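What follows is a short report on a single structure.
The values are calculated or read from the model by the stated rules, or taken from the named source; none is laboratory data. As the structure is a computational prediction, the values presented were derived from the model and not from experiment. Cβ placement follows ideal geometry from the backbone for every residue including glycine, while neighbour counts extend to all protein chains displayed. The accessibility values were calculated without ligands, DNA or RNA, using every heavy atom of the protein model including side chains. Shrake-Rupley method; radii C 1.70, N 1.55, O 1.52, S 1.80 Å.
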Amino acid sequence: MSDIAALFTWVNIRFLLQGLGMTLLISALAILCSVVLGTVISVMRTSNSRVLRGVATVYIEIFKNTPLLLWIMFTFFVAQLPPIGAAVLAFTLFTSASVAEIVRGGIMSIDPGQMEAGRSLGFNYAQTMIYIILPQTFKSVLPALANEFIVLLKETSVSAYIGLNDLTRGGDIIRGVTYSDFMPLIAVALVYLVIVVVLSACVNQLERRLRKSDRG
């Protein structure tokens, strides 16, 4: 009971709230940057240029088959970026590989006739992608991108390794203040659980609305 009382003081709750705010900020910035970069890579991957396809494929293979923590260490210790910059850059590079594959799958699901129609209207490849293919693609892959955001949100916990005051780091600070390991870690886990459950419910609602709009 004393551990619980020590945990729920305003100072300790503030550590959790500040950490939660940082976690959400990093996740939002990283997923936005990842969507932009991942979309560019997916377009390169589906282009007619062998060079662009090769570059995109190498990028995806590198970041899909190496650990995230390695890139956190690289951007912080080697590139010597400040913690928040190092975290956002590492998560962007890492997550954009997955986003690229999601978007590429969406592009491949579009009827090839759409590309031909765009070209017949006088659009070049890039214009056809921007004005015709990608708007349809994002509607179909939006739930998958939302799930990727949830995955990224959980993965941001490794940013505590470089001293960033995220949610996990906030729990670690409370451990040092209260001299208790169990309750601070449980509190952090519960916060992650609540956020992920709420976001998952939102994703499910989004999928249902998209299905209704498709039938309509």
Regarding region 137-151, can at least one residue be identified that is more than 23 Å from Ala100 (Cα to Cα), among the hydrophobic types (A, V, I, L, M, F, W, C) and surrounded by 16 or more Cβ atoms within 10 Å (Cβ to Cβ)? no
Candidate set: region 47-65, residues that are polar (S, T, N, Q) and over 16 Å from Leu37 (Cα atoms); chosen: the one most open to solvent (accessible area, probe 1.4 Å): Asn48
Having 3 or more residues that are among the polar types (S, T, N, Q) is the bar; report the helices (runs of 4 or more DSSP H) wholly within region 113-211 that clear it. 134-155
Just checking, which of Thr156, Thr92, Thr75 is touching a residue at least 12 places away in the same chain (Cβ under 8 Å), in contact with a Cys (Cβ under 7 Å, 6 or more places away or on another chain) and open to solvent by less than 60 Å² (accessible area, probe 1.4 Å)? Thr92
Taking region 159-196 only, how many residues are at pLDDT below 90, open to solvent by 30 Å² or more (accessible area, probe 1.4 Å) and aliphatic (A, V, I, L, M)? 5
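If the requirement is being closer than 30 Å to Arg169 by Cα, in a helix (DSSP H, G or I), in contact (Cβ under 8 Å) with a residue 40 or more places away in the chain and open to solvent by 60 Å² or more (accessible area, probe 1.4 Å), which of these qualifies: Leu20, Leu37, Leu32, Leu69? Break it down into steps so the answer makes sense when it comes.
Working: Leu20 fails: open to solvent by 60 Å² or more (accessible area, probe 1.4 Å); Leu37 fails: open to solvent by 60 Å² or more (accessible area, probe 1.4 Å); Leu32 fails: in contact (Cβ under 8 Å) with a residue 40 or more places away in the chain.
Just a single option satisfies the conditions, and that option is Leu69.
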